[in-house]
1. Which of (1) loosely packed, with under 15 Cβ neighbours inside 10 Å; (2) without any contact (Cβ under 8 Å) to a residue 40 or more places away in the chain does Leu68 not meet, given it meets every other one?
2. Check every one of the helices (runs of 4 or more DSSP H) wholly within the stretch 248-296 and list those with 2 or more residues that are without any contact (Cβ under 8 Å) to a residue 40 or more places away in the chain and under 28 Å from Leu24 (Cβ atoms).
3. Among the residues of the stretch 113-129, count how many are free of Cβ contacts under 8 Å to residues at least 40 places away in the same chain and assigned to a helix (DSSP H, G or I).
4. Scanning the stretch 269-296 for residues that are of a type in the set (S, T, N, Q) and within 15 Å of Ser229 (Cβ to Cβ), which turns out surrounded by the most Cβ atoms within 10 Å (Cβ to Cβ)?
5. Give me the residue from the stretch 71-83 that is of a type in the set (A, V, I, L, M) and surrounded by fewer than 24 Cβ atoms within 10 Å (Cβ to Cβ) and, out of that set, farthest from Val139 (Cα to Cα).
6. Given the criterion away from ligand 2 (no atom under 16 Å from the Cβ), closer than 23 Å to Asp268 by Cβ, surrounded by fewer than 17 Cβ atoms within 10 Å (Cβ to Cβ) and modelled with pLDDT of 95 or more, identify the matching residue among Ala119, Ala29, Ala25.
7. Go through the stretch 1-22 and give me each residue that's surrounded by 15 or more Cβ atoms within 10 Å (Cβ to Cβ), within 16 Å of ligand 1 (Cβ to nearest atom) and basic (Lys, Arg).
8. Can you find a residue in the stretch 39-61 that is closer than 26 Å to Asp268 by Cβ, without any contact (Cβ under 8 Å) to a residue 60 or more places away in the chain and aliphatic (A, V, I, L, M)?
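The values are calculated or read from the model by the stated rules, or taken from the named source; none is laboratory data. Please read these numbers as outputs of a predicted model, since none were measured by experiment. Note that each Cβ is placed from the backbone with ideal geometry, even for glycine, and that neighbours are counted across all protein chains shown.
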Amino acid sequence: MARVKIVEVGPRDGLQNERQAIPLAVKLALIGRLADAGLTHIEAGAFVSPKCVPQMADTAEVLASLKLDGAVRYPVLVPNLAGLEAALKAGAREIAIFGAASETFSRKNINVGVHDSLARFEAVAQRALAAGLSVRGYVSCVVGCPYEGDVSPRKVAEVAAALYRMGCYEVSLGDTVGVGTPDRVLAMLDAVTAEVPVDRLAGHFHDTYGMAIANIYAALCAGVRTFDSSVAGLGGCPYARGASGNVATEDVLYLLHGMGYTTGVNLDAVTDAAWQIADALGREPGSKYARARGRS
Ligand code: HMG
Ligand code: MG
């Protein structure tokens with residue numbers, strides 16, 4: 001049976017935008033439950049400026065409590081060499097560098113334009129690979145940008161190809177604001193797969209307009225077999241006003257298992273984790289599945 005890999009991004013992409021302080025113990029409990037549910041790739045934090053994203057300021061403490069050389073991978077976002085040094089010091093085994101296909105988004109997000117960001121990421125990737133780390137890449141705004149509107153598939157392909165050439169084992173294509181529809185996602189994938197093999201791509205869909213599941217289905221039809229998702233549909237992006245969370249892991253699992261794909265992830269256990277983090281944040285889970293199933 002065909003297998004699909006899920007990269008759980010809730011503890012990073014999900015929590016980075018929360019306004020309320022989230023205790024370390026709550027983060028660790030969430031990550032523990034996600035690992036127990038069978039998720040093997042759990043993005044655990046980001047070594048970015050705490051002034052820009054205060055919720056990720058305790059990433060070193062998060063990593064200090066995880067088993068970093070076991071079966072579960074805990075990638076962390078790294079924007080520059082300073083972030084890489086912090087990640088290495090904290091014992092990270094995998095990092096993610098994060099570029100964008102939109103000039104304005106790149107400047108707002110990481111304070112540097114696309115061209116210069118790629119030079120910066122190249123230095124980070126070289127040093128990380130030399131230190132034996134795995135490097136994942138992100139391209140944001142693969143369909144649209146909150147500042148510039150439509151983004152051309154060709155630009156996405158250029159940035160994805162650059163990240164792939166730098167040694168990223170996988171490039172995650174982010175519909176950061178969730179504006180994509182299946183036709184536009186397929187046009188974007190058509191351009192990107194001319195540069196990067198489809199088995200090296202991941203789909204990262206935010207669900208602002210309720211299109212994420214439709215876009216995942218389209219990407220599956222185009223051969224993509226890795227998807228990023230966030231337990232309880234947590235999240236947003238601090239540099240993309242109005243962007244809602246990533247597609248919920250529970251809803252993606254419901255789609256995939258219903259279609260006969262295997263994931264190795266227990267849907268019920270993820271749904272329990274969704275209710276627990278939603279309770280900790282004082283609201284209902286953002287996923288259709290968790291609300292339909294209810295508490296266990
Ligand atoms: P900069 O202004 O170019 O950096 O910021 P700088 O070298 O000029 O330093 C400015 C300040 O930042 C200094 O501190 C540095 O020490 C500090 P100050 O002197 O003002 O006190 N600094 C750092 N601190 C901690 N860790 C670091 C670091 N580097 C510098 N690594 C920087 C560049 C990237 C750091 C900043 O703009 C930043 O942190 N931005 C936040 C980026 C971010 O986390 N965005 C959200 C994640 S991306 C996302 O969600 C999209 C994604 O999910 C995919 C999708 O959905 O599309 C991945
Ligand atoms: Mg995201």
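1. Looking at each condition in turn, Leu68 falls short on (1).
2. 267-281
3. 5
4. Looking at the filtered set, the residue picked out is Ser287.
5. The selected residue is Ala71.
6. Working: Ala119 fails: closer than 23 Å to Asp268 by Cβ; Ala25 fails: closer than 23 Å to Asp268 by Cβ.
Only one candidate qualifies: Ala29.
7. Arg12
8. yes
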